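A.B. asks: Just dropping this structure here.
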Amino acid sequence: MTLTPARDAAARVPDPVPSRSPSSSPSPGLLRRAVCEFGLTALLLLAVVSGVRWLFAPDGDGGGGVAFALLGAGVGVLLGALMLSAPGRWSGGHLNPAVTVALWRLGVFPGREVVPYVVAQLGGSVAGTWAAGLVWGPVVAGPPVSYAVVRPGPGWGEGAVVAAEAGVPAGSALLLAGLLARPVGRRLLPYAVGLVTALVIAVLGPLSGGSANPARQFGPALLSGEVGRLWVYVAGPVLGAVAGAGLCRGAGALGVRITRPPVRPRQP
């Protein structure tokens with residue numbers, strides 16, 4: 001869902017990477033970092049679709065109340081591991097367009113790199129979902145799996161889903177700001193994000209769908225053909241990320257100061 005700094009980054013990187021003006025060129029290594037985001041997001045979606053296949057398909061566990069909790073636990077652990085991996089440390093391990101937007105609005109991620117990251121994440125979503133179909137066969141395309149597309153529960157209208165899907169990134173932006181403000185918080189960030197993700201899927205999964213990540217829905221929606229509600233699962237998290245970052249930047253009374261950018265490319 002979000003980022004992790006390189007190990008002992010403060011010792012190996014003496015000065016923060018300076019902020020870039022809108023006219024400045026993208027930082028060196030952008031292509032490599034975007035490729036990392038593509039690959040990490042693809043692995044995440046491959047695992048998500050695989051989990052849904054075995055937890056919800058009739059020849060698997062068949063779903064049920066425990067299935068969302070198990071899926072959330074597995075995705076949370078995997079997300080933390082991907083963030084702590086070498087590619088995750090290189091790119092920052094966003095794996096979520098809403099996170100990238102939130103970090104940009106918090107002033108700790110270059111605006112010129114938002115589009116390459118988001119394109120890489122959405123492309124990775126499609127690639128990972130497609131790969132899961134190759135691995136598990138036709139059962140992934142048919143109901144109830146349907147490429148793990150996210151659907152709201154009974155009685156959940158589009159407005160309610162947007163509000164729920166926006167609330168998680170808004171809270172995540174506040175969490176990011178608080179943890180990035182302190183070195184110890186930065187070290188705890190992958191574990192905190194993994195735990196939050198697990199809880200979101202377990203609690204909101206049966207209700208709004210528990211996506212909170214446009215990349216989580218993008219590939220499954222395209223490949224399943226269920227694109228009617230795609231805008232809900234894209235707009236909600238992005239609006240929430242912008243709102244949460246705005247609260248952080250505007251609430252000076254919170255005393256949150258983020259002085260170091262979250263992405264420090266390691267030397268090749």
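A.B. asks: What is the distance in Å between the Cα centroid of region 64-84 and that of region 159-201?
C.D. replies: Their Cα centres are 15 Å away from one another.
A.B. asks: Over the C-alpha atoms of region 45-199, what are the Rg and the largest Cα-to-Cα span, Dmax, in Å?
C.D. replies: 16.6, 48
A.B. asks: Could you please state how large a percent of the accessible area of region 111-179 is carbon and sulfur, counting protein chains only and using a 1.4 Å probe?
C.D. replies: About 73 percent, which is the carbon plus sulfur part of the accessible surface.
A.B. asks: Another question, if that's okay. Calculated FRET efficiency, LEU134 and TRP231, Cβ-Cβ r, R0 25 Å, to nearest 0.05?
C.D. replies: 0.35
The values are calculated or read from the model by the stated rules, or taken from the named source; none is laboratory data. Only a predicted model underlies this, so the values are computations on that prediction, with no experimental measurement involved. Please note: Cβ atoms are built from the backbone with ideal geometry, for glycine as well, and neighbour counts cover all protein chains shown. Only protein heavy atoms, including side chains, enter the accessible area calculation; ligands, DNA and RNA are left aside. Shrake-Rupley method; radii C 1.70, N 1.55, O 1.52, S 1.80 Å.
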